[in-house]
Amino acid sequence: MDLKYFLIDLDGVLYNGGVAVEGAAHALQALRENGCKFQLVSNTSGKTTDAIKEKLNSMGFEVYERDIFLAAEAMVRFIKHKKSKAKCYLIGTLALEEAMKDAGLNVTRKEEPVDFVVVAHDNETTYNKMDIALRLLLKGAGFVGVHDLRFYPNETGVHITSGAFIKALEYSSGKPACIIGKPNPDFFKDAMRKMKAKREQTAMVGDDIFADIKGAQECGLKAIFVESGSYSRDDLARNNIKPDAILKSIKDLPAILG
Ligand SMILES: [Mg+2]
């Protein structure tokens, strides 16, 4: 395959929870040595780019902040494009609040007039926070959701997250959210723009058959599925999703680049 640019997912591709996928750091190094470019892309909205970089570095990956593109960053760009100093009511982590403020957005946790309600991953989401968000939406605030995920797994089991809360607020307010992150085509396009990638030479490497594989193909990119994460070949067949390549893990990526 004539590929030069890669969008590479994090969880399930470079690591699982706190453990690096064997050979993944070496694979990234090999891509660089072959003159390829990559962006590490994730729908994560609970951590900052710096925290992700630190996590990767501590696992032996040589990556820099500029190599990482998160849905949180895409959300900030999206809102700033609409209104540069927008006031936002946030259901999300403190880390996300800081990132939004650093970018010049005005963030509140109180019930007061806002331009946007932003719902992202927050494991301290409460009835009261949801209640406030609903009332602000009904008063006309724009609705932005980060990461439309049903649940996420970690060492202690599966956990409810942003997708469920976004759906609840869509139902109660009757207002659809603008969802930021994979598989939204704008997310892939923003990440490609960041490394000046040519679409026909770009592949998404991911473990999520919907957000990564189907999403990338619908955006006109090649999609490389890795079996090191949440989904299996059976899931692909069951959902009639056909990646352009299937690898055991990202370790095998350099070998398929002619
Ligand atoms: Mg993943």
Checklist entry - GluC sites (Glu not before Pro) within the stretch 30-105: which are DSSP loop residues with at most 14 other Cβ atoms inside 10 Å? => result 62
Checklist entry - Heavy-atom accessible area per residue, the stretch 32-147, 1.4 Å probe: how many Å²? => result 47
Checklist entry - Once the convex hull of the C-alpha atoms of the chain is built, how many Å³ does it hold per residue, rounded to a whole number? => result 124
Checklist entry - Which net charge results when you count Lys and Arg as +1 and Asp and Glu as -1 among the other residues whose beta-carbon is under 14 Å from that of residue 149? => result -4
Item to check | Calculated FRET efficiency for the pair residue 193/residue 108, C-beta based, R₀ 45 Å, to 0.05 | outcome: 0.90
Checklist entry - Stretch residue 65-residue 22 to full length: gain in nm at 0.36 nm per residue minus the Cα-Cα span? => result 13.3 nm
Checklist entry - So how tilted is helix 71-82 from the main axis of the chain? Cα-based, degrees 0 to 90, rounded to 10. => result 50
Item to check | Accessible area (Å², per residue) of the stretch 179-227, counting only protein heavy atoms and a probe of 1.4 Å | outcome: 38
Item to check | Net +/- balance of residues flanking residue 140 in space, Cβ distance below 10 Å, scoring K and R +1, D and E -1 | outcome: +1
Item to check | Neighbourhood charge, 12 Å Cβ-Cβ cut-off, centred on residue 63 and excluding it, Lys, Arg +1 and Asp, Glu -1 | outcome: -1
Next on the checklist: Could you work out what % of the accessible surface of the chain is carbon and sulfur, using a 1.4 angstrom probe and leaving DNA, RNA and ligands out of the count?
Outcome noted: 51
Checklist outcome for this item: Hull volume per residue for the stretch 1-154, using the convex hull of the C-alpha atoms, in Å³ is 135
Next on the checklist: Skipping prolines and chain starts, which residues have an amide H placed within reach, meaning under 5 Å, of the one on residue 180, given they are 5 or more residues away or on another chain?
Outcome noted: 145, 146, 147
Item to check | Estimated distance in nm for a label pair at residue 29 and residue 82, the labels positioned 7 Å out from Cα along Cα-to-Cβ | outcome: 4.4
Checklist entry - If you line up the long axis of helix 49-58 against the longest principal axis of the chain, both from Cα atoms, how many degrees apart are they, to the nearest 10? => result 40
Next on the checklist: Can you compute the FRET efficiency between residue 233 and residue 58 using 1/(1 + (r/R0)^6), with r the Cβ-Cβ distance and R0 = 30 Å? Round to the nearest 0.05.
Outcome noted: 0.40
Checklist entry - Taking 0.36 nm per intervening residue step and subtracting the Cα-Cα distance, what contour gain separates residue 50 from residue 123 on full extension? => result 24.2 nm
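The values are calculated or read from the model by the stated rules, or taken from the named source; none is laboratory data. Since the structure is predicted, the reported quantities are computational estimates derived from the model, not experimental observations. Heads up, the Cβs are rebuilt from the backbone with ideal geometry, glycines too, and the neighbour counts pull from every protein chain shown. The protein model used for the area step is the full one, side chains on, heavy atoms only, and it has no ligands, DNA or RNA in it. Shrake-Rupley method; radii C 1.70, N 1.55, O 1.52, S 1.80 Å.
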